[in-house]
Amino acid sequence: MCRMILAHGQFDALAVLEAARAMSCGETACHDGPIKQHPNGWGCLWLEQGHIRTLHGTGTFAEALPGIEVDRLRHSRFLAVHVRHATLSKNHGIEFSHPLWRTSGATQWYMMHNGFLPTVYAQLGMAESRFDSAEYLEYIVDRVTPADFTRDYLRGKMAQVAPGGSAANAIFVTRERAWAWQWHPDDTPYPDYFTLHRCQQSNSTFISSEPVLTLGAASQWHRMSNHELHEIPFGE
């Protein structure tokens, strides 16, 4: 299970990184889930002169944060950060740090995932799961174009996945836009833990696994509905 946050528009990059650090340490964990700390790897994704840049690490984000070159991020209009709690002990290491990426047709897709989807592998014709998040990315983006990446498309894909998963919450990114996707089973025992929160301000948007009051007052944060898809065009 993981925590993640995105920022779009005009924002303080260091404040967003600090918000991710706070979530990784459990400092903002006002939710119903049993997992409070997320120490098993991290990743950042941002726009730099029209190109997507990524940075990955293992260990805790709190330890890594002082070494990140924040100046590279200060002029970006989009930043996403992912901090990870590995569900399975075998899935530790840099290759499991998000964002993950995959090419489909002419599109390079990136994804950060919060949740555990141990049954999605069957949709790919695999005998068993190796890494659920990578299988989720392949299942979702193969043979789809950004123009067809809609709420109905995602709901239809998830309806075909066998029960047993906890959540499919994700941030998907291409060079032209990003999407924040909220999905968990209706009978989840931890609806607060698996709900994304959106803070809309005059010149910025934040979407986060947890409301972070250093970025916006409590009254500015609103829960996303289950199966809600929020789209962010980078040209606006």
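The values are calculated or read from the model by the stated rules, or taken from the named source; none is laboratory data. This one's a predicted model, so the numbers in the text were calculated from it and none came from an experiment. Cβ: placed from backbone, ideal geometry, glycine included. Neighbour counts: every protein chain shown. Ligands, DNA and RNA are excluded from the accessible area calculation, which covers all protein heavy atoms including side chains. Shrake-Rupley method; radii C 1.70, N 1.55, O 1.52, S 1.80 Å.
Electrostatic tally near Ser24: other residues with Cβ closer than 12 Å to its Cβ, Lys and Arg +1, Asp and Glu -1, net 0. Taking amide H atoms as placed 1.01 Å from N in the peptide plane, the amide H of Ala167 lies under 5 Å from those of Phe116, each 5 or more residues away in sequence or on another chain. Shape class of the range 88-127 from the alpha-carbon gyration tensor: oblate, with a/c at 1.5 or above and b/c at least as large as a/b.
Shown here: Cα Rg over 2.2 N^0.38 Å, derived from the displayed model; of the candidates (1) 0.93; (2) 1.10; (3) 1.05, it corresponds to (1).
Per residue, how much accessible area does the range 100-223 show when a 1.4 Å probe rolls over the protein heavy atoms, in square angstrom?
Values: 5580 Å² over 124 residues.
Spelled out: the 1.4 Å probe surface of the range 100-223, per residue, equals 45 Å².
Using a 1.4 angstrom probe on the protein heavy atoms only, line up Arg102, Arg143, Arg3, Arg151 by accessible area, largest first.
Working: Arg102 80, Arg143 215, Arg3 0, Arg151 100 Å².
I get Arg143, Arg151, Arg102, Arg3, largest accessible area first.
Put a dot 7 Å past the Cα of Ala217, heading toward its Cβ, do the same for Gln200, and the two dots end up 1.8 nm apart. Rolling a 1.4 angstrom probe over the range 1-146 with all protein chains present gives an accessible area of which 50% lies on carbon and sulfur atoms. Both radii are taken from the alpha-carbon atoms of the range 11-123; with Rh as the Kirkwood radius, Rg/Rh is 0.98.
Once you list every other residue whose beta carbon is under 13 Å from the beta carbon of Tyr136, what net charge do they have if Lys and Arg are +1 and Asp and Glu are -1? It would help to have the intermediate numbers written out before the result.
Working: positive: Arg102, Arg130, Lys157; negative: Asp132, Glu135, Glu138, Asp142.
Spelling it out: positives minus negatives among the neighbours equals -1.
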